[in-house]
Amino acid sequence: MEHRLSHAKRMVIKIGSALLVESRTGQLHHQWLKTLLEDIVFYWKQGLQIVIVSSGAIALGRLQLDLKKRVLLLEEKQASAAVGQIKLAHAYQEGLKSHGVSVAQILLTLDDSKNEMRRQNAKNTLETLLSLNIIPVINENDAVATDEIRYGDNDRLAAHVAQMIQADTLVLLSDIEGLYTSDPKRDPNAKFIAEVTHLTPDILAMASDDGTEYGSGGMVTKLLAAQIALSSGCKMVIAAGKHDHPLTRIDDKVSNNTWFIPGEMGKTGK
């Protein structure tokens, strides 16, 4: 069965900090974001309901606050997020406004998916926004979240959002094109895996826990996200996000992607 984003009805797209923010300057990759938003509008105009889960607030805020490249204290992360979130939301608002698309900002903590009442409130808000053809932009509420109540990565946050709103497709845009049998940056013999239908112990063991400088993820968190998505019947795809137009590249099959398919909809391949 051919897997395409254009077949989706409700899609959650997760965008990592390393794709959005230039590590040296701490500035947005404006040209890349422009092409991403063009892709989002392309699918939105086809009738897809779309939710964006975007990292980047801490990365945008830390250099503005002159917090150099070192491990930040919790309160420094919170301050950076408070400053950076305004810039991040503004970038999405202005970028989509030019296409006639309205956006809304929602900040979540782990409690919002664990507490039944707060989860239902978040779901109701998202459902209402989607029914009004508004694209929600979600991030973790890092300005107030403590280590005890944080998701810690937006891969799992995106999966929980997809589960919450019963999305049928979850897209994780990454700095790697998908799942390999081992870390391809370290192992030249690593083999690419195009499709996964069962998250076996062997599949889970293939993950690397290395993250990028500005990203807290890695393949471990992506596979944990896959577990959440597949358990709720949602497809998930890991795709290389560093190129312009990263979403339409998936359907155009310009590069490899790994699809995670719930149930018996496909076959695991290498």
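Brief remarks on what is shown
- Relative contact order of the chain, pairs being alpha-carbon contacts under 8 Å that are 6 or more residues apart, as %: 24
- Each of Val254 and His198 was given a label point 7 Å from its Cα along the Cα-to-Cβ line. The distance between the two points is 3.6 nm.
- Diffusion constant of the chain at 20 °C, which comes from Stokes-Einstein with the Kirkwood Cα-pair radius and 1.002 mPa s, µm²/s: 115
- Label-point gap, in nm, between Lys242 and Ala205 - each point 7 angstrom along Cα→Cβ: 2.9
- In the stretch 25-130, Cα pairs under 8 Å separated by at least six residues give a relative contact order of 25 percent.
- Computed lengthening from Asp111 to Ser23, 0.36 nm per intervening residue step minus Cα-Cα distance: 28.6 nm
- Rounded to 0.05, the FRET efficiency of the Leu132 and His30 pair, given R0 = 25 Å and the Cβ-Cβ distance, is 0.35.
- Pairs of Cα atoms farther than 21 Å apart, the stretch 70-166, %: 38
Read-outs throughout are calculated quantities, based only on the coordinates presented, and are distinct from any laboratory measurement. This structure is a prediction, so every number in the text was calculated from the model and none was measured. Don't worry about glycine lacking a Cβ; one is built from the backbone with ideal geometry, like all the others, and counts go over all protein chains shown.
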